[in-house]
Amino acid sequence: MSEQTIDILLIDDHPLLRKGLAQLINEEDGLHVIAEAGSGEAGLEAAIKLEPDLILLDLNMKGMDGLETLKSMRAADVDSKVIVLTVSEHREDVAAMFRAGADGYLLKDMEPEDLLLRIGDAARGKLVVDDRLAEVLASLLRPEQEQEDRLELLTSKEREVLHLIAEGLANKMIGRKLSISEGTVKVHVKRLLKKLGVRSRVEAAVWVLRKQTADDVLG
């Protein structure tokens with residue numbers, strides 16, 4: 001087993017799919033499914049109680065769907081990485097889930113080996129997107145000049161927090177790096193999101209990464 005095990009919560013209303021995913025994931029060193037939930041309501045309760053490292057979340061569920069579940073988790077300050085695992089390739093769904101705070105968006109028909117690789121990437125702080133949807137995400141989150149100007153509104157501490165968000169660090173780790181409390185980090189995050197005019201830390205992170213790439217190209 002690896003030194004650090006990634007604890008995973010599965011939220012999907014299809015029992016057979018959950019069981020199959022759990023079996024696949026638990027056979028991989030360093031990955032462990034600590035709980036399964038068959039509804040958004042149960043998933044939200046488990047996420048708050050267990051604080052898993054990563055959550056695999058279905059989008060189209062009866063009752064409380066994936067979008068509502070994700071919004072509720074972020075509102076409850078659930079800091080876990082959340083990967084949407086769905087059949088939907090609709091641009092609107094991709095946009096809505098990332099703007100609600102998703103850390104990845106994968107399709108259910110992907111190869112199992114690829115899924116395991118992407119889970120590992122997400123746990124290490126990388127944004128994971130199905131290759132078929134990369135262009136859609138890029139077009140949704142392309143930085144505009146207005147946001148470029150808004151960067152000047154950030155304090156030095158907010159800029160530090162922003163760049164650590166882009167590195168994939170959770171609030172707790174950001175607090176340790178900057179020697180401030182997790183609560184203070186959350187305040188900085190809310191303020192910088194408002195100043196940049198973005199709706200989630202993922203949207204802010206992708207914007208920073210795209211800006212860095214553009215700067216590198218321009219020399």
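Does the range 26-94 come out rounded, prolate or oblate, given a ≥ b ≥ c as the square roots of the eigenvalues of its C-alpha gyration tensor, rounded meaning a/c under 1.5 and, failing that, prolate meaning a/b above b/c?
oblate
With an 8 Å Cα cut-off and a minimum separation of 6 or more residues, compute the relative contact order for the range 1-80 in percent.
Averaging sequence separation for qualifying contacts and normalising by length gives 34 percent for the range 1-80.
By how many nm would the segment from Lys157 to Arg91 grow when fully extended, if each residue of separation counts as 0.36 nm and the alpha-carbon distance is taken off?
Full-extension gain reported as 20.3 nm.
How high is the relative contact order of the range 53-111, in percent, counting Cα pairs under 8 Å that sit 6 or more residues apart?
38
With a 1.4 Å probe and all protein chains in place, put Arg99, Arg132 in order of accessible area, largest first.
Arg132, Arg99
In nanometres, what is the gap between the two model label sites at Glu68 and Glu111, each 7 Å from Cα along Cα-to-Cβ?
3.8
Given a cut-off of 32 Å, name the pairs among Lys19/Lys195; Lys49/Lys177; Lys81/Lys194 whose C-alpha atoms lie farther apart than that in the structure shown.
Lys19/Lys195
Considering only protein heavy atoms, what per residue accessible area in square angstrom results for the chain with a 1.4 angstrom probe?
52
Enter the Cα centre distance for the pair the range 163-205 and the range 60-130, rounded to the nearest angstrom.
19
For the chain, what is the calculated [θ] at 222 nm in deg cm²/dmol (nearest 500), taking -39500 (n - 2.57) for each run of four or more DSSP H residues and dividing by its residue count?
It lands at -16500 deg cm²/dmol.
The values are calculated or read from the model by the stated rules, or taken from the named source; none is laboratory data. Keep in mind it's a predicted model, so treat the numbers as computed, not measured. Using ideal geometry, Cβ is built from the backbone for each residue, glycine included, and neighbour counts are taken over all protein chains shown. Ligands, DNA and RNA are stripped out before the accessible areas are found, and what is left, the full protein with its side chains, is counted by its heavy atoms. Shrake-Rupley method; radii C 1.70, N 1.55, O 1.52, S 1.80 Å.
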